[in-house]
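Just below is one structure, and these are the notes that go with it.
The values are calculated or read from the model by the stated rules, or taken from the named source; none is laboratory data. These numbers were taken from a predicted model, which means no experiment stands behind them. We place every Cβ from the backbone using ideal geometry, glycine too, and count neighbours over all the protein chains shown.
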Amino acid sequence: MKFNEHELAIKNIAIHYSHKLKNQLAEDILLGKRDITSAEETKLLTQFFWQMADQAAKDYQNGGQPDIDVDLESYMEKLMNIFIGYTKSAGFNQQWIEESNRINGA
């Protein structure tokens, strides 16, 4: 997963949550150490995204945001677009959609 120079704070938020949620697969992908290579990995990455979004919402409500002065809601929207673009470019967009719909009850 690639982030441009203007997205480094967004990347740091995602890495923060990969640590908090103890998700090594997500951390490795976010750091560019590896890419998704299967539908199953795409499902796991999609699950991580939604767990991260839920945790960020809880942290915001409880005043426990990361030690970075950011607009978490805006950053989560940007991260969603980055994750969608990443899974799409890797050829696994359908898995992202299906797993997101399953998680969100659509």
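With a requirement of 2 or more residues that are among the charged types (D, E, K, R) and under 18 Å from N4 (Cβ atoms), the helices (runs of 4 or more DSSP H) lying completely within the stretch 20-106 that satisfy it span 72-89.
I15 meets the stated requirement of being part of a helix (DSSP H, G or I) and closer than 24 Å to N104 by Cα.
Residues that are buried (at least 16 other Cβ atoms within 10 Å of the Cβ) and of a type outside the set (A, V, I, L, M) were ranked within the stretch 25-49; the one that is farthest from L72 (Cα to Cα) is E41.
Please go through the stretch 29-76 and give me each residue that is closer than 19 Å to S100 by Cα, of a type in the set (F, W, Y) and at pLDDT below 95, ordered by number. Matches in the stretch 29-76: Y75 only. Looking only at residues of the stretch 2-12 that are under 21 Å from K88 (Cβ atoms) and in contact with a helix residue (DSSP H, G or I) (Cβ under 9 Å, 6 or more places away or on another chain), we find that the one that is surrounded by the fewest Cβ atoms within 10 Å (Cβ to Cβ) is K2.
Would a scan of the stretch 33-40 turn up a residue that is over 19 Å from N93 (Cα atoms) and without any contact (Cβ under 8 Å) to a residue 40 or more places away in the chain? The answer is yes; a qualifying residue exists.
Y86 passes every criterion in (1) buried (at least 19 other Cβ atoms within 10 Å of the Cβ); (2) at pLDDT below 90; (3) not aliphatic (A, V, I, L, M) apart from (2).
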